[in-house]
Every structure is written in structure tokens, then in C-alpha cells.
1. Could you please find all residues in region A:207-223 being among the acidic types (Asp, Glu) and part of a helix (DSSP H, G or I)?
2. Looking only at region B:152-176, count every residue that is within 14 Å of chain C (Cβ to nearest Cβ), open to solvent by less than 20 Å² (accessible area, probe 1.4 Å) and either of a type in the set (Phe, Trp, Tyr) or assigned to a loop (DSSP other than H, G, I, E, B) (or both) and tell me the total.
3. Does A:Thr243 satisfy the condition of being away from chain C (no Cβ under 14 Å), surrounded by fewer than 22 Cβ atoms within 10 Å (Cβ to Cβ) and touching a Cys at 6+ places or on another chain (Cβ under 8 Å)?
4. Do we have C:Ile57 as open to solvent by less than 10 Å² (accessible area, probe 1.4 Å), closer than 21 Å to C:Lys101 by Cα, part of a helix (DSSP H, G or I) and not aromatic (Phe, Trp, Tyr) here?
5. Does at least one position in region B:209-227 carry a residue that is modelled with pLDDT under 95, β-branched (Val, Ile, Thr) and open to solvent by 10 Å² or more (accessible area, probe 1.4 Å)?
6. Determine which single condition C:Thr110 fails, assuming it passes every other condition in (1) within 17 Å of C:Met187 (Cβ to Cβ); (2) open to solvent by 10 Å² or more (accessible area, probe 1.4 Å); (3) touching a helix residue (DSSP H, G or I) at 6+ places or on another chain (Cβ under 9 Å); (4) more than 11 Å from chain A (Cβ to nearest Cβ).
7. Check whether at least one residue in region A:256-270 is closer than 30 Å to A:Arg157 by Cβ, outside any strand (DSSP E or B), modelled with pLDDT under 95 and more than 14 Å from chain B (Cβ to nearest Cβ), and report yes or no.
8. Please specify each residue of region C:38-83 satisfying the condition of being within 13 Å of C:Ile108 (Cα to Cα), β-branched (Val, Ile, Thr) and without any contact (Cβ under 8 Å) to a residue 60 or more places away in the chain.
Amino acid sequence: MYVAVKGGEEAIENSQRLLEQKRRGDTAVDELSIEQIKEQMSLAVDRVMTEGSLYNRDLAALAIKQAQGDLVEAIFLLRAYRTTLPRLGVSEPINTNSMCIQRRISSTFKDIPGGQVLGATYDYTHRLLDFSLMAEGDEPVSTDELKQMESAADTPRMPRVVDLLNAEGLIETESDGAGTGNIPDLTREPLTLPADRQLRLQALARADEGFLLALGYSTQRGYGNNHPFAGEIRHGTLNIEITPPELGFPIVIGEIEITECEMINQFTGSKKKPPQFTRGYGIAFGHSERKAMSMALIDRALRCAEFGETVVSPAQDQEFVLSHTDNVEASGFVQHLKLPHYVDFQSELELVRRLRKERGDNKQSGIDEKCA
Amino acid sequence: MQHESISLSDHKPLLSVNDISHYYGNSIGCRNVSFDLYPGEVLGIVGESGSGKSTLLKCLSASLAPSTGSILYRDRTDAVHDIYAVSEAKRRMLARTDWGIVEQNPRDGLRLNVSAGANIGERLMAVGARHYGDIRHEALGWLGKVEIDLNRVDDFPATFSGGMQQRLQIARNLVNKPRLIFMDEPTGGLDVSVQARLLDLLRRLVSELNLSVIIVTHDLAVARLLSHRLMVMQRGEVVESGLTDQVLDDPHHPYTQLLVSSVLVA
Amino acid sequence: MRMNDSGLDGYNFAYLDEQTKRMIRRAILKAIAIPGYQVPFGSREMPLPYGWGTGGIQITAAVLGTDDTLKVIDQGSDDTTNAVNIRRFFSRTAGVATTTKTTEASVIQTRHRIPEKKLREDQVLIYQVPIPEPLRFMEPREIETRKMHALQEYGVMHVKLYEDIARFGHIATTYNYPVRVNDRYVMAPSPIPKFDNPKMNDMPALQLFGAGREKRIYAIPPYTKVSSLDFDDHPFEVQKWDETCALCGASDSFLDEIVLNDTGDRMFVCSDSDYCEERRELGYKGTQPEEQGDAA
């Protein structure tokens, strides 16, 4: 249906050569290295890994470099690569209780077993441009000082805050679905609606951060409010294990960095059932609190049917949310409007011209005059 | 238009509609409609879809300002208000004390995120009821009157069947004893057996509470069962009006004749 | 961001320029003139994120003078991170004296609490407000809520309270409990616990409320009637604890629950750290009078 303009091939080749130049920028300026991106733009790397659904810092950094810093494009690159990879095995479920904590806060209790660990955060920075960073020769924090800070955070046991509530029966018990066997896999099967929570969480985990942020925000402003409290946000590293069939026991294959958010939400209950808080869950690769928190808000909003809540707002409508979360899909379709639509448009053009002509012929001037 | 002596007030119209027209751009919604409605009277507005009856009802119930014309309402103190000339505050006050609006789709007329009891109690609280026990007592009483199991008082309306939702909507509107009810196809979308039960209920409540009702319907059987008087609308205009039996048994206007005969044929 | 204790070059006293402060002060005056009414104002971008107190900070910046003494609390305490951060912001940008003592402060910015100690006429209490609209959760549309306020159509607030009682046997709203100010406007007191609601009534100090993201300022002038919504047969009640403060033994203060371990042990301490400290200095003791270590 789409008509290629003559000479298109050459135009595309030229465009891509131009793009190469644009991407590189002024050659008098040093080229960015993958290492630099990994080390100094680590939060961008984290986002690309999360939404690209692939934990690989090198490849994510490469994608960012190749996409000139356009993160949605970088996510696309990583996804496109991911899809080519063979699946060698399935890891054991992770348990964030065993996380090596770098940051861990709860807004529901002033102090918690293991303590509040602020870690590295922009939360309490004043957003004033630091012009000293413009100057060359940035002076790093001394490694001694860093070690000192790290050892301070050297962790005592840190039980999950919602587990403390759970012990008292104050919050709904969550089932890990173990034994139910069939955990669907969104990366291999299409999304089917209505989607159960496992599938929804998978979709939300790779969903566009901006979209989840806006929807999560809408719930806070009354469009499907569910009274959230940040029960716990924890960030740190975890071992990943697989159990090779020939061994029969789990072995560690590596370590990943994740951010987890457990929201404590509006309680439910009735005269017959004692009130209990409900949960919303969010998780992301790397350090990505905005994403994990937004995800937790939407997870809870999408559980409205479980709690007999009426769907009144976009964030509670799973078809609306899940169909539009994926930025690879969304970006593709929005931008496809740049593709030629000559034929479709020509057909419409012809129709509108014909309708206008017919009206002119009929001289229904009475109505037109009233209009004017 | 101010206070007059109250004697014979029953013989004065509750609602006087004077030459109401509404245009959507340059197409006609309804045109040159005038009539009086008396206390305790049920007026049916019939016609096929697109005939302007819903537009007219919206104008009458203060939810769509007419392009021209006026609507006068006589309140409990016999004071007369031009409902599109009074302040919005007054108009909204009348809407929640003196009038009720029963929407075709009960979901448009109910508050879905609160229980049946709260739905019924809302209008009481809106005019200052501040005793939980009394409000609940009243809500239970009305659930009984509209034949809903009292055990459902704390359930969300979404868990109700379509017929129950419609009855709940009626209870929610009648709880603070309004004088004038507007209904838009109240039985539309319901099964025939459910319709019959709802019509029975409506008929009983209207006579018990001496309500004045304006009901829009495309269903002549509904109109015959409920209304004292009928107005037949076609292309935005009233083409025939009179006592219900008269209009249906001896229609004069060709459109009314067509309407009546098509029901008979069907 | 590197910290620099020598103040901030290139910025006006208390960060905002004087024109902006005047605009905010005009909004404050209007708010005081119409108690409980939400006055829209041209909220500015602040160097702290929306939702972290930008409304309170803008009001504080607009009313702060060089001779003021500022106290900042979050959850009742001067030493929570957000309070420390905002206090630091004003000592950097305004160089004003700061204090943790309620009695010494002339301006108190707060998030989620009212100090236990009764405030005086020469003090101003500034609340950080996330959602200024008390009707929001029954009616999200602003066009409609403004109309409801104008016409005093507040029945829907009681629908919410009715629903609580029907489902739980009690009014289940525990914080941001709606109040009626001066018998006219229904107002959100910001997410203070309802324990603090009675303190708002007839308070000698001026109370100002700032919502930065939502761009609204509202106020309760000194000695104004503030009543919490309720039913005749389910009157408004504040939280009560079986425990007393483990540090100072107070039985009249709002208590924070502190989880000590994962076997369910916990203790209760005053959320108002200044109140607790002062009591301990006066010799009051609780069941566990030793100091708790600071959070990491």
C-alpha cells in the first residue's frame, strides 16, 4: 500500500551517513566510551535495561551511545537484540530479603529493624545547577571516605517492612503462586486480556516509566485513589541462581542490582471480614525508584476487581493501561505516521471534494446562511 | 411572579413551560413547546428516537439551557421561579430538594463507589441530615419500599442487577420527598418481566407520594400504563397532546396514527 | 550537589525574588480574609521537587524576615531528613536563625503535625499541603468542586463518613480529616493526624497552608472556629493509645510506633521530638528512658 518515492534507497543511505555524523558530533571532542556511559550515566543505563528487559550494562550503554542518548530508541535497540537470544534456563525466584542493601527506607515507620538507610539519593539535594561540574577536573570523593560510608551501611538484618505487618495479620498475605506451575511469559506469548496479576506485573516491569509515572500520579490526584504509603523501598544487589538439571541444586551465576517498592494501600474489609491493608508491588533493574513506585501504584490500581472496587479511572482499566504501556510499541505506532499514507489520504481527499461539490450543487443555502 | 395567596394552589400549575426551543447549532433539538403540569399529574412524552423528547426533558430538568423560552416552577411556598433566570445556587438547590432525575442508565444516576445505603442517604445529607442512625433507618425503609433485600444495604451498586440498580436509583431520588420527577426511558434496557415489576412499583409510588412526573419513553405501553396525559413529538415539535386514552385510542395526527398502528402491528 | 555553607551567591534573600514574594503575600492576605478558601497563586518551580513541601517553602520564603527564627518539622520531628533539608535550605538562602524549640520559633514550617505545645499569637504555623481539595476524592473535577464550595454543597463529605461507619462501624478517616472553617468552607487540614484537628480550633497563631504543585494557598486566621465533620451519633474522636511514651512517659502526645525487631517487639515514642526532649529535661521518664541510637 505504501508507495516508495523513486530514489528512496539512495536517500536512506545518505540519511544514515548523515546520522552517523550527527551521532558523533564534533570530532574535535573526545568520543564517549561505553565505560564512561556505564559509570557516569548509570541511571540511564538502568532505565534502558529495565524497559529493554535485559540485564546487561555493556549492551545498554552501547544502545545509549548508538541512540545518541535517546533512551526510548536505546530501549528499542536492546529489545530487538534481546529477542534474538536463546533461552538457556530459568533462574530461581529471587528473595529480596537476602539483598545486599545499598539503600532502604520506609515512610510508614520512623524506625525499623535494621534502620533506615538513606544511601545515595537525589531526594534531599537542592536542585541548584552546580556550575562547578562544568569545570574540568571534577574532584571525586576520596575512596577512604566512601569506604567509611559503605561500612556504616554494612548491613544488619533487614526484614521487609510489610512482612512485619503481615505477621500481625494487618496486611493481606501475598501468595507467590508457587505450585500453580504455569507462570505465563509475556516475552514469549502475547498479552491476553483479562490478564492476571503475574502477567500484569510482567507488563508493568517493562512498561514506559513516563506512562506509569503519569498514571500513578493520576491515582494520587483522585482518579482511582488507593491511599498509598511507601511501606518500603529497597535498593541493592542480589545473587541470581539457576539449578542445572544435571546438578539438581542451585548455583550462583551472577549478581544484579535492583530496586523494589512495596506500597501499603487502602485497607479493605467489611462487617464480616476484619480490615486489612492491601499491597502494590513494583520492581526495576538498577536504581530506579520512580519506576518501581509508579509500578506499585498501578499494580494496586489494577487490582480493583479483586477488592470489589468499581473501575472509574484510566489507571484501573487494565485494558487501557496494559495496551499502552510498552514504549517500543507506542513509539513505533505514533511515529509510523511519518510513513507515507498517500493512498489513504488520496481516497479521503477525493471523498471530501466530492461531498463538498454535491453540497454546492444542491444549493442548500438556507442552512448555510443560518450558519453564517 | 411573587407570592400569591395559597388558596386553590392545587389548581395552579406546578410547572409552566412557555415556548421552549433548543437548537444544536442550526439543527433543531425541540421547538416551540408549551404546556402546564399540575400537581400529581403524570405527563408522558412519546416519539421515536431523534424526535426531540430527550432534549426537551433535559431543558425541563434544568440540565440544558434552552435557546429561547422560559420554564416557571412553583415551589412549596407557592413562590414561582423562572428556573433559567434564577441563580445557579437556587437552581441546584431546587434540583436536590424539589426534583428528582431518574436516568435511563442507572450508572449515570448512582454513585458507584459507595454502598446502596450511602446512595440513598446522599440527598438527606446534602440538605443537612447529620444523624447516622436516622439516615440509615431511612435508607433501609426505602430499600424496603423499592423491594430490595435489606441485607444489601452495604453492598456496592455494581453488584446489583439492572432492575435493582434502577429501583435503587428511584429510591435515591425519592428519599427526601421531591415533588417533581423527570424520567428518561426508565425501563429501557431491562427484560420484559423486570420492566413490568418496575412499572408496577413506579405506579404505586407515584400515587402514594402524589408525585408529578414527566416521563420520556418510546414505548407506548409504558406511556399508557403510567401517564395521565401524553405529548407526541416528531422532528422536535409537539404534534398532538391530550389525555392518554384519547390520544392512543383516537389519534388525530397522521404521525400519531402511524405510531399507534405500528405498535398494533408489532 | 556540593554543599557550601557560605550562603548562595546570585540568589535573593530566602531564594525567591521580591516580586514573587509580593505575589505570594497578596494571595496569603486574600486567604486570611476568606478563612478556609483556596486561593490560586502563581506557584514557582523550586529547587526541591513538587510534593516535598514546595508550597510551604514558598510561603515561608514570602513571610520570612531577617529577624525571624525558623523551626522546621516533618512528622513532628526536627531531625527527619526532609525537615533537616528544608531547614538547611533556609539557613543557606536566608541565613536566618533556626531552632528546634517550639517556644523559640517565630515561624514554624510543618509537614503532617502540629506541635504539642500550644502556639502563641506571635507565631506563624505553615503547613505543607499535598492535596488542598477536600472534595477531590469524591469528585475529581476541579470545575465541579469549585462550584460545590461556592454553593456549600458539602453533603458528599458526609457520604464518605457514612460509608466508613457502614463498613467499619467507625469513621475510618484518620489523617487529613476534613474540617469546616468559620462555619463556611470545608477544608483539608493537610495530612495531619486527626489527633491534631482540635488544636486548629481557636488557635492564637496564624495558620497558613501552601500547596505548590496544586498552586493553592489557604489560611486560618488566629482565633477562628475550626470544627471536624461528624455525625450527631458518631461524634469526632481523636486517636488514643494504650501506651505512653517510652522515653518521657507522656500520655497526652501523638505516639510513633517504632519496630525494634522482626519478632514483634515495638516501642512508642512522642512524634514531637522537641516536646519529648523538653519533658525529659524536666525529669520525666518513660519505661525505656535510654536514648535510641540515630537511624543510619
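1. A:Glu209
2. 1
3. When the stated conditions are applied, A:Thr243 does not pass them.
4. yes
5. no
6. Every condition holds for C:Thr110 apart from (2).
7. No, there is no match, as no residue in region A:256-270 is closer than 30 Å to A:Arg157 by Cβ, outside any strand (DSSP E or B), modelled with pLDDT under 95 and more than 14 Å from chain B (Cβ to nearest Cβ).
8. C:Thr69, C:Val72
The values are calculated or read from the model by the stated rules, or taken from the named source; none is laboratory data. Just so you know, these numbers come straight off a predicted model, no measurement behind them. Ideal geometry is used to build each Cβ from the backbone, glycine not excepted, and the neighbour counts take in all protein chains shown. Only protein heavy atoms, including side chains, enter the accessible area calculation; ligands, DNA and RNA are left aside. Shrake-Rupley method; radii C 1.70, N 1.55, O 1.52, S 1.80 Å.
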